[in-house]
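Asker: Pasting in a structure now, in structure tokens, and then I'll have a few things to ask.
The values are calculated or read from the model by the stated rules, or taken from the named source; none is laboratory data. Just so we're clear, the structure is a prediction, and the values are computed from it rather than from any experiment. Every residue, glycine as well, gets a Cβ built from its backbone with ideal geometry; the counts of neighbours run over all protein chains shown. Remember, those area values only see protein heavy atoms, side chains included, never the ligands or the DNA or RNA. Shrake-Rupley method; radii C 1.70, N 1.55, O 1.52, S 1.80 Å.
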Amino acid sequence: MSPLSSPAAVHAADLVVFGGTGDLSMRKLIPALYHSDRDGRLAPETRVIAMSRGGLTDADFRGKVDAEVRDQVPVDDPAVWQRFLGRLHHVSVDVGGPSGNPDKSGWAELSKQLAGHEQRDRIFYLASPPMTFGPFCRELHEAGLVTPQSRVVLEKPLGRDLPSAQRINDEVGAIFDEHQIFRIDHYLGKETVQNLLVLRFANAFLEPIWNSLWIDHVQITVAETVGTPGRRGYYDQAGALRDMVQNHLLQLLTLTAMEPPARNDRESIRDEKVKVLQALRPIQESSEVDRFTVRGQYTAESAMVGYLDEPASTPPTEDSKRVETFTAIRAEIKNWRWAGVPFYLRTGKRMPRRVSEIVVQFKDVPHSIYPGGSPNRLVLRLQPEEGIELHIMAKEPGAGETTLKPVPLSLSFGQTFTARVPEAYERLLTDVLAGNPTLFMRRDEVEAAWRWIDPILAAWESSPEPPEPYPAGTAGPAGAHELLGRSGRAWHEEA
């Protein structure tokens, strides 16, 4: 069976979630696991063990989930919900920070919980800050909890730059083999992303024109209407380039640009993704960074506050003024398929609409006999409503003069398929439980992305110029529009 279509194995597993009472766990992981349980993808013996500093009992944790998660999911069968709650357990642990000095009692309790189930798959999900990845893995090893059936899941961000990412990979890799490490990017679990591969490689009409002969340029946009309330401390350290481009947008780029894999297996697809990252033209010199990248920071507009005025536990610093909440980049892939085709990457906070999409803009017809036509465009929307649109030219009905109008041929997943469209984390947790790494990042893939990003970060940090301001609720700074405008192009926008 194809790795991209295989269901989860329903053999028993122990899923240990570090940061098990945190925001990610309560909003995404626990609901995804409940849906898996409801749909019969969890074996009866499978358990979920939340690790946190909360000092909760099993009953406390189940009560917290019942109070905070039940309203997020459709509980149409109370017996299934109670069965799911019965899977949940809690163990208190404190890793003691990156320097160690952990409280060993939590590890002893986890050992007790797992004792007698050594033949089960053990999934250690690190929904915790990246500085804890190495210490957690070392403690698991020293407690004798890492078995041949174990896997570890690493949440982003994986480091702040290439050296820190390599250090984390080294620390985790000292305990777990590469095939046991699942570096997760939830964008790869979205239905549209998976359909991108099917669209390209299962339809004969599209692949012959998926190249520089027929495609003018590609736009990849992840825009959010929200700002950073309560998260400015994190964003001061990350910024949009680290938070979104290094992982989400580059992952979408690799899937859009990759060559057809020889086989639909676990490594062939990841091999082709790495080749795309290695073929990215470096943006290294300060003059190139100024020409091919734009960074911005939102300012107050109407009822919306600016980035520096967002609620946070600490006041803004001078460094806060240099943090980008928006970035746009013109990337190029130096290979035969994509030579001369720009890939425009864009992400930002406080944008006018929430949308994640890939726009493939085709070239115009070689010789148009109809005035008023426009080139075809393929839009793959990841959110808010997943679907695919192919914009073609058609004649408007009526007698007399021929009038052309661009119209979309639409595939809305919600309208076309009667089955519920699963959340991204459902798909990815299903693959983790099945041991399928296809939609997860390999070490060389993560590090290739950082190698391309690091020179841009370095140039920004050494530049005396701050990010370009843009009013909250608008489509980013003027420089982002000039980035495309210099070549007569424009960002794809829809009301």
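Asker: Select from the stretch 42-80 the residues that are in contact with a strand residue (DSSP E or B) (Cβ under 8 Å, 6 or more places away or on another chain) and of a type in the set (V, I, T) and list them in ascending order.
Answerer: Within the stretch 42-80, T46, V48, I49, T57, V65 meet the criteria.
Asker: Shifting gears a bit: Can you name the residue in the stretch 1-36 that is at pLDDT 90 or above and hydroxyl-bearing (S, T, Y) and, of all such residues, is nearest to N264 (Cα to Cα)?
Answerer: S36
Asker: Need a quick list: strands (runs of 3 or more DSSP E) entirely within the stretch 353-439 having at least 2 residues that are open to solvent by 50 Å² or more (accessible area, probe 1.4 Å) and out of contact with any His (no Cβ under 6 Å at 6 or more places or on another chain).
Answerer: On the way: elements: 355-362, 377-383, 387-395, 404-412.
The strands (runs of 3 or more DSSP E) meeting that bar are 387-395, 404-412.
Asker: Considering only helices (runs of 4 or more DSSP H) fully contained in the stretch 16-120, which possess at least 1 residues that are among the β-branched types (V, I, T) and closer than 25 Å to E426 by Cα?
Answerer: Output list reads 30-38, 58-68, 78-87.
Asker: Can you tell me which residue among R160, R138 is out of contact with any helix residue (DSSP H, G or I) (no Cβ under 6 Å at 6 or more places or on another chain), open to solvent by 40 Å² or more (accessible area, probe 1.4 Å) and closer than 22 Å to L241 by Cα? Walk me through it before giving the result.
Answerer: On the way: R138 fails: closer than 22 Å to L241 by Cα.
R160 is the lone residue from the list that is out of contact with any helix residue (DSSP H, G or I) (no Cβ under 6 Å at 6 or more places or on another chain), open to solvent by 40 Å² or more (accessible area, probe 1.4 Å) and closer than 22 Å to L241 by Cα.
Asker: Can you tell me which of V93, V75 is within 22 Å of T46 (Cα to Cα), touching a Pro at 6+ places or on another chain (Cβ under 9 Å) and surrounded by 13 or more Cβ atoms within 10 Å (Cβ to Cβ)? First the steps, then the outcome.
Answerer: On the way: V75 fails: touching a Pro at 6+ places or on another chain (Cβ under 9 Å).
Only one candidate passes the filter, namely V93.
Asker: Another question about this same structure. What about A174, is it of a type in the set (G, A, S), open to solvent by 20 Å² or more (accessible area, probe 1.4 Å) and at pLDDT 90 or above? Show your work before the answer.
Answerer: On the way: of a type in the set (G, A, S): yes; open to solvent by 20 Å² or more (accessible area, probe 1.4 Å): yes; at pLDDT 90 or above: yes.
Judged against the criteria, A174 is a match.
Asker: What tally of residues in the stretch 216-237 results from selecting those that are at pLDDT 90 or above, surrounded by fewer than 21 Cβ atoms within 10 Å (Cβ to Cβ) and more than 14 Å from R350 (Cα to Cα)?
Answerer: Qualifying residue count, the stretch 216-237: 2.
Asker: Right, something else. Mind listing whichever residues of the stretch 196-206 are over 25 Å from the mean Cα position of the chain (by Cα) and either closer than 17 Å to T254 by Cα or surrounded by fewer than 14 Cβ atoms within 10 Å (Cβ to Cβ) (or both)? First the steps, then the outcome.
Answerer: Taking the stretch 196-206 as the starting set, the residues that turn out to be over 25 Å from the mean Cα position of the chain (by Cα) are 203-206.
Correct list: N203, A204, F205.
Asker: When residues of the stretch 141-157 are filtered for being assigned to a strand (DSSP E or B) and open to solvent by 10 Å² or more (accessible area, probe 1.4 Å), how many remain? Please lay out each step first, then the result.
Answerer: Initially, the stretch 141-157 is screened for residues assigned to a strand (DSSP E or B), giving 150-154.
Still in the running and open to solvent by 10 Å² or more (accessible area, probe 1.4 Å): 151.
Looking only at that region, the number is 1.
Asker: In the stretch 47-72, how many are touching a helix residue (DSSP H, G or I) at 6+ places or on another chain (Cβ under 8 Å) and closer than 24 Å to G116 by Cβ?
Answerer: Qualifying residue count, the stretch 47-72: 7.
Asker: A further question follows. Among the residues of the stretch 109-135, what is the count of those that are of a type outside the set (A, V, I, L, M), open to solvent by less than 30 Å² (accessible area, probe 1.4 Å) and more than 12 Å from F176 (Cβ to Cβ)? Before you say what the answer is, go through the steps one by one.
Answerer: Taking the stretch 109-135 and keeping what is of a type outside the set (A, V, I, L, M), we get 109, 111-113, 116-122, 124-125, 128-130, 132-135.
Add one more test, that the residue is open to solvent by less than 30 Å² (accessible area, probe 1.4 Å), and what stays is 121-122, 124-125, 128, 132-135.
Those left that are additionally more than 12 Å from F176 (Cβ to Cβ): 121, 125, 128, 132, 135.
Qualifying residue count for the region: 5.
Asker: So which of G473, G488 is touching a residue at least 60 places away in the same chain (Cβ under 8 Å) and either open to solvent by 40 Å² or more (accessible area, probe 1.4 Å) or part of a loop (DSSP other than H, G, I, E, B) (or both)?
Answerer: Selected residue: G473, the only one of G473, G488 that is touching a residue at least 60 places away in the same chain (Cβ under 8 Å) and either open to solvent by 40 Å² or more (accessible area, probe 1.4 Å) or part of a loop (DSSP other than H, G, I, E, B) (or both).
Asker: Can you go through E191, E155, E178, E171 and tell me which one is touching a Phe, Trp or Tyr at 6+ places or on another chain (Cβ under 6 Å), at negative phi and not hydroxyl-bearing (S, T, Y)? It would help to see each step written out before you state the result.
Answerer: Values: E155 fails: touching a Phe, Trp or Tyr at 6+ places or on another chain (Cβ under 6 Å); E178 fails: touching a Phe, Trp or Tyr at 6+ places or on another chain (Cβ under 6 Å); E171 fails: touching a Phe, Trp or Tyr at 6+ places or on another chain (Cβ under 6 Å).
Checking each option against the conditions leaves just E191.
Asker: I've got another one for you. With the requirement that a residue be in contact with a strand residue (DSSP E or B) (Cβ under 7 Å, 6 or more places away or on another chain) and aliphatic (A, V, I, L, M), what does the stretch 365-397 give you?
Answerer: Correct list: L378, V379, L380, L382, I388, L390, I392, M393, A394.
Asker: While we're looking at this one, here's another question. Being surrounded by fewer than 18 Cβ atoms within 10 Å (Cβ to Cβ) and either in contact with a strand residue (DSSP E or B) (Cβ under 8 Å, 6 or more places away or on another chain) or over 17 Å from L249 (Cα atoms) (or both) is the filter here, so list the residues in the stretch 445-454 that pass it.
Answerer: Result: no residue meets the conditions.
Asker: Sticking with this structure for a sec: Restricting attention to strands (runs of 3 or more DSSP E) lying wholly within the stretch 246-350, give those where 2 or more residues are closer than 21 Å to V360 by Cβ and open to solvent by less than 70 Å² (accessible area, probe 1.4 Å). Break it down stepwise before answering.
Answerer: Values: elements: 293-299, 326-332, 342-348.
Answer list for the stretch 246-350: 326-332, 342-348.
One line per residue, one yes/no per condition, for (1) touching a residue at least 24 places away in the same chain (Cβ under 8 Å); (2) β-branched (V, I, T):
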residue: E207; (1), (2): yes, no
residue: H217; (1), (2): yes, no
residue: E224; (1), (2): yes, no
residue: T228; (1), (2): yes, yes
residue: R232; (1), (2): yes, no
residue: Q237; (1), (2): yes, no
residue: L249; (1), (2): yes, no
residue: M258; (1), (2): no, no
residue: E272; (1), (2): no, no
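Asker: Among the residues of the stretch 215-245 satisfying the criterion of being within 27 Å of A339 (Cβ to Cβ) and assigned to a helix (DSSP H, G or I), which is nearest to the chain's Cα centre (by Cα)?
Answerer: So in the stretch 215-245, the residues within 27 Å of A339 (Cβ to Cβ) come out as 215-222, 241, 244-245.
Narrowing the set further to residues that are assigned to a helix (DSSP H, G or I) leaves 241, 244-245.
On the way: L241: 13, M244: 8, V245: 9 Å.
Of everything passing the filter in the stretch 215-245, M244 is nearest to the chain's Cα centre (by Cα).
Asker: Across the stretch 366-388, what is the total count of residues that are out of contact with any helix residue (DSSP H, G or I) (no Cβ under 9 Å at 6 or more places or on another chain) and under 21 Å from L213 (Cα atoms)?
Answerer: Residues of the stretch 366-388 out of contact with any helix residue (DSSP H, G or I) (no Cβ under 9 Å at 6 or more places or on another chain): 366-377, 379, 384.
Then drop every residue that is not under 21 Å from L213 (Cα atoms), which leaves 366-369, 373-377, 379.
Number of matching residues: 10.
Asker: From A279, A312, which residue is of a type in the set (A, V, I, L, M) and under 30 Å from Q180 (Cβ atoms)? Step through it out loud before you land on a result.
Answerer: On the way: A312 fails: under 30 Å from Q180 (Cβ atoms).
Residue meeting the stated conditions: A279.
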